[in-house]
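The next block holds one structure in the form of structure tokens; read it before the comments.
The values are calculated or read from the model by the stated rules, or taken from the named source; none is laboratory data. If you're wondering where the values come from, they're calculated on a predicted model, not measured in any experiment. Glycine also receives a Cβ, built like all others from the backbone with ideal geometry; neighbour counts cover every protein chain displayed.
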Amino acid sequence: MKHDVAAPDSTDRRGASSERPSMTTRFLSLHVVHPALRATMAFVLGLLMSTLAAVTTARSATLDDVVKLLAADSFSDTDAAISALTTSGHPAAVPILEAMSDRRLLVDRKANKLVISTGAARTDAATGAPVTGAADDATVVRLNNRLRGRIEAALASLSFANPDPAKRLAAVEQIAKARNIAALPRIEEALKSEKNTDVREALTIARATLVLSDDKATSTDKISAIADLVGRYDPDTMTTLRTASQSAAPDVKQAAMTAIASAERRQQFANVVQNFWYGLSLGSLLLLASAGLAITFGVMGVINMAHGEMVMIGAYTTYVVQETLRSVAPGAVDSALLISIPLAFLVAGAIGVAIERGIIRFLYGRPLETLLATWGVSLILQQAIRVWFGASNVQVQTPSYMSGSFDLFGLSITYGRLWILVFTLLAFLALLAVMKLTPLGLQMRAVTQNRRMAAAMGIRTSTVDALTFGLGCGVAGVAGVALSQIDNVAPNLGQSYIVDCFMVVVFGGVGNLWGTFVSAFSLGIANKFLEPVAGAVLGKIAILVLLIIFIQKRPRGLFALKGRAVEA
Amino acid sequence: MITTALLSRFDRGGQIFMALLTGFTLLVVASNTLLDPSNPFHVPTYVVALLGKYLCYAVLAVALDLAWGYCGILSLGHGAFFALGGYAMGMYLMRQIGTRGVYANPILPDFMVFLNWKELPWFWHGFHSFPFAFFMMLFVPGVLAFVFGWFAFRSRVTGVYLSIITQALTYALLLAFFRNDMGFGGNNGLTDFKDILGYSVQADGTRIVLFVLTSLLLLATYVVCRLLVTSTFGKILISIRDAESRTRFLGYKVENYKIFVFTLSACMAGLAGALYVPQVGIINPSEFSPANSIEAVIWVAVGGRGTLTGAALGALVVNFLKTTFTTGFLAPYWLFALGALFIFVTLALPKGIVGTLQDWHERRTSERKARMSDDAFETPAPTEAKA
């Protein structure tokens, strides 16, 4: 239920503003389209008016009682006055209570009426007419915390009539929480006129909840109430159903048990869907972070322990772009992310080319030494960032189009994660296209397959090496832009990904981009499905152990290269 | 004579190393116990503990060099065995605290009382007795290495792949030991030790003894490794390192040799960790972090891979540099220096300090021999530089 309150916050406010005129139009059209009925209507209206007048007199009488109670100026009498107001159904009850809670309600003992002060203006609480003249002897109604709580509850019960659906919804939620059986008739009443589907649903649930907790309700009522609750599995409903399943009546018990079973089934299914989505999201992060490594390690065979630092540099590039935009063009901060994508690619790629030219090219054929040297590079890069930007996290903003979420079959999907998934797929396809369709990709594959033959064909192998390594690092930098939206941007950002990235690449099979694709998503999904069973940390450990065992079985990964290239 | 036979197994460098280590240990002990604290040559006790810590690292480095330098197994997870040995010692020390803990529980260590545990987990039983704890210091790292090696080496996982899964191993252990539910003190690890074998951990005398013990352990580790690598067994190890397939085709069970060396190396690392814990006074999960294990690899690389003495020397030099760097105004630049060291050693000094010295020495002697044989009109014996 909590979920229902939070989610429509923004959507329903929009719905409310569009709905209000439409209701009015419908009401007007009733008058316009059916002129023939006017005579009947007039009669009915007249009848209504007379009833209304009778009711009004009754109400004013109650209001007088309320004034008397308030004039006594004791907390217990005020409490009684609040109850009287709530049950009175007086049209001014809501503004009076609101004024009371804001300490704007005055009691004019001489005129025996209530006055609401709004700034300098004062109005008669009952009629809304402005009050002029001496009201010096009017005193503010005093409150304590208990009374404030009572006013809150009273307002909630009264605001079924609020034109704003979000307010009505909140009121229903509150009533349902309070489990006040006395509210049942009001809920029934509201159900008859309510048009908004969300509020209707909430009202139905509230009615069912109340009926089920009512000892006097008949079994048939209870069973139909349970039927209203079928398919819901939020904790509150589950509690209600569990309580109902303790019921003495066997048929109610049976119905409740069936409802619980169905709820549990649905919950399980929802959990599976949710885990799957979280898994996809994690998988997209893994794929993005390890796609670069699939080039440097997978295609070139270079163990780049500084890969994580390339990701980190990408994230810091985003931060720098954002801060620059903030000082140069504050209005364009939202586009920082878009600008950062090519920039991070260039920055990380340039650093990659520098590393390749400066260090790695002397170490080809000595993988273990490469590992140590690039580890040294990673220490230096981390420390450089720490010296420049400080050791603590920097704030990278989430642009408006990345924040928020929407509901899909009860599954809350955040835009940020969705965009990252889309972005990952696009980046992966782009990388694939570069490898398969461009001359550079062709040369890369030629050099990695047979260096000497490629050189003999006129390919500048050393340039291709540098560019390949730069490409891998650049992709890592782009991953950093995306990760800056989800993870903390700190100098050790990359460290937390390096083991995972190697695992993804090794699991997928070295030298195979599609292998990396499959392995990233399967690891991500497996991780999220293990998490609820084993806990987050144990799940991760389990994955690591499974991977270690997997590598024993298939040392070359899921999709191993075959043929002579393997031994090279 | 057995002594001469034994001594002949040690080259000039090894003899110098053993002599230096013995002399250094004696000197430190003498200076600490005999000299007045005001004397400029007095070594304060905290420095003795620091040196003890370095020696523990040196043992780890020698153990790693046995596996990497002689058998080509680059383990990026040796810190895990070191830490496991340390935890075994830490558990013994925790049980020795008894009622002197904050919660004064005679059985449960403080953190378990804090976590509301009612009884000692099964794996903590027996750690009150030192012989059992000592056995576990060797057994736990040994069994882990054996099982890991059994799977890895039999399925012929080699080279970088092996390095990456050893790194994953230590990373998994890091995550596991961070959990409070594991029963090893979680994030805070084990600390607040009081007694070891009835002597106060804090006492000066205990610290000196621990230092001497570590020194002896380093000596013993070196001797064992040296005897191993100069034996026929050692020749096979080297051949596995240089040409694994060829060795296998010659009929040797390569994986058995590897498993043995890996397990032995892990046990040595475990002992080093066990002596490390009482000297630094704490063991926590960060000892499992992959960065620590990689740092151990760089000690070996700096000193000289495949020299044993070099590994020990590298550990001492790098850690001495680390302490000097990280205590002064240079602290923010230590990681720059360490990173540069990694790059410099791999690019410019691939054989490490000792390896380069050995090469230089060998070249000189062979030149001298060549000159002498030239004088005697003999054909010089062809000398090949070691690969």
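Quick notes
- Residues that are at the interface with chain B (Cβ under 9 Å from one of its Cβ atoms) and aliphatic (A, V, I, L, M) within region A:511-541 comprise A:537, A:538, A:541, listed in sequence order.
- Residue count, region A:468-491 (criterion: assigned to a helix (DSSP H, G or I) and surrounded by fewer than 20 Cβ atoms within 10 Å (Cβ to Cβ)): 0
- Residue list for region A:210-233, filter: more than 33 Å from the chain's Cα centre (by Cα), of a type in the set (Ser, Thr, Tyr) and not in a helix (DSSP H, G or I): A:218
- Test: residue in region B:111-118 that is surrounded by fewer than 19 Cβ atoms within 10 Å (Cβ to Cβ), at positive phi and either touching a His at 6+ places or on another chain (Cβ under 6 Å) or of a type outside the set (Gly, Ala, Ser) (or both): yes
- Only residues that are farther than 30 Å from residue A:368 by Cα and at the interface with another protein chain (Cβ under 7 Å from one of its Cβ atoms) were counted across region B:175-197, and they come to 1.
- When the residues of region A:269-326 are filtered to those that are over 23 Å from residue A:525 (Cβ atoms) and hydroxyl-bearing (Ser, Thr, Tyr), the one that is farthest from the other protein chains (Cβ to nearest Cβ) is A:324.
- Applying the criterion of being of a type in the set (Ser, Thr, Tyr) and part of a helix (DSSP H, G or I) to the residues of region B:241-293, the residue that is surrounded by the fewest Cβ atoms within 10 Å (Cβ to Cβ) is B:245.
- Number of positions in region B:17-69 that are free of Cβ contacts under 8 Å to residues at least 60 places away in the same chain and acidic (Asp, Glu): 1
- Of note, residue A:417 satisfies the criterion of being of a type in the set (D, E, K, R), within 30 Å of the chain's Cα centre (by Cα) and surrounded by 15 or more Cβ atoms within 10 Å (Cβ to Cβ).
- Failed condition for residue B:33, given (1) in contact with an Asp or Glu (Cβ under 9 Å, 6 or more places away or on another chain); (2) surrounded by fewer than 10 Cβ atoms within 10 Å (Cβ to Cβ): (2)
- Enumeration of residues in region A:329-378 that are part of a helix (DSSP H, G or I) and hydroxyl-bearing (Ser, Thr, Tyr): A:335, A:340, A:370, A:374, A:378
- Any hit, region A:520-538, residues being modelled with pLDDT of 85 or more, under 26 Å from residue A:382 (Cβ atoms) and among the hydroxyl-bearing types (Ser, Thr, Tyr): no
- For region A:349-374, filtering for residues that are facing chain B (nearest Cβ under 10 Å), of a type outside the set (A, V, I, L, M, F, W, C) and within 45 Å of the chain's Cα centre (by Cα) leaves 3.
- Lone qualifier among A:418, A:442, A:426, A:432 - being under 25 Å from residue A:479 (Cα atoms), in a helix (DSSP H, G or I) and in contact with a Leu (Cβ under 7 Å, 6 or more places away or on another chain): A:432
- Scanning region B:299-320 for residues that are within 13 Å of chain A (Cβ to nearest Cβ) and more than 12 Å from the chain's Cα centre (by Cα) yields B:301, B:302, B:305, B:306, B:318.
- Residues that are at pLDDT below 75 and at the interface with chain B (Cβ under 9 Å from one of its Cβ atoms) within region A:553-568 comprise A:555, A:556, listed in sequence order.
- Only one entry in A:545, A:505, A:499, A:533 is closer than 30 Å to residue B:243 by Cβ and of a type in the set (A, V, I, L, M), namely A:505.
- Residues in region B:119-151 that are buried (at least 19 other Cβ atoms within 10 Å of the Cβ) and within 14 Å of chain A (Cβ to nearest Cβ): B:144, B:145, B:148, B:149.
- Some residue of region B:134-142 being in contact with a strand residue (DSSP E or B) (Cβ under 6 Å, 6 or more places away or on another chain) and among the small types (Gly, Ala, Ser): no
- Subset of region A:255-281 that is among the aliphatic types (A, V, I, L, M) and under 19 Å from residue A:236 (Cβ atoms) - its residue that is surrounded by the fewest Cβ atoms within 10 Å (Cβ to Cβ): A:261
- Test: residue in region B:140-155 that is part of a loop (DSSP other than H, G, I, E, B) and either of a type in the set (Lys, Arg) or at pLDDT below 90 (or both): yes
- Residue within region B:283-291 that is among the hydroxyl-bearing types (Ser, Thr, Tyr), in contact with a His (Cβ under 6 Å, 6 or more places away or on another chain) and within 14 Å of chain A (Cβ to nearest Cβ) present: no
- Restricting region A:336-357 to residues that are in contact with a Ser or Thr (Cβ under 9 Å, 6 or more places away or on another chain) and of a type in the set (Gly, Ala, Ser) leaves a set whose member that is farthest from residue A:317 (Cα to Cα) is A:352.
- Here residue A:287 passes the criteria (1) over 20 Å from residue A:534 (Cβ atoms); (2) at pLDDT below 85 except the one numbered (2).
- Sole exception among (1) modelled with pLDDT of 90 or more; (2) away from every other protein chain (no Cβ under 14 Å); (3) surrounded by fewer than 16 Cβ atoms within 10 Å (Cβ to Cβ) for residue B:344, by number: (2)
- Pick from region A:375-402, criterion in contact with a Ser or Thr (Cβ under 8 Å, 6 or more places away or on another chain) and away from chain B (no Cβ under 14 Å), ranking: farthest from residue A:324 (Cα to Cα): A:399
- With respect to being part of a helix (DSSP H, G or I), within 11 Å of chain A (Cβ to nearest Cβ) and out of contact with any His (no Cβ under 6 Å at 6 or more places or on another chain), residue B:172 fits the description.
- Of all the listed residues (B:203, B:243, B:220), the sole one being within 14 Å of chain A (Cβ to nearest Cβ) and free of Cβ contacts under 8 Å to residues at least 60 places away in the same chain is B:243.
- All of (1) surrounded by fewer than 17 Cβ atoms within 10 Å (Cβ to Cβ); (2) in contact (Cβ under 8 Å) with a residue 60 or more places away in the chain hold for residue B:89 with one exception: (1).
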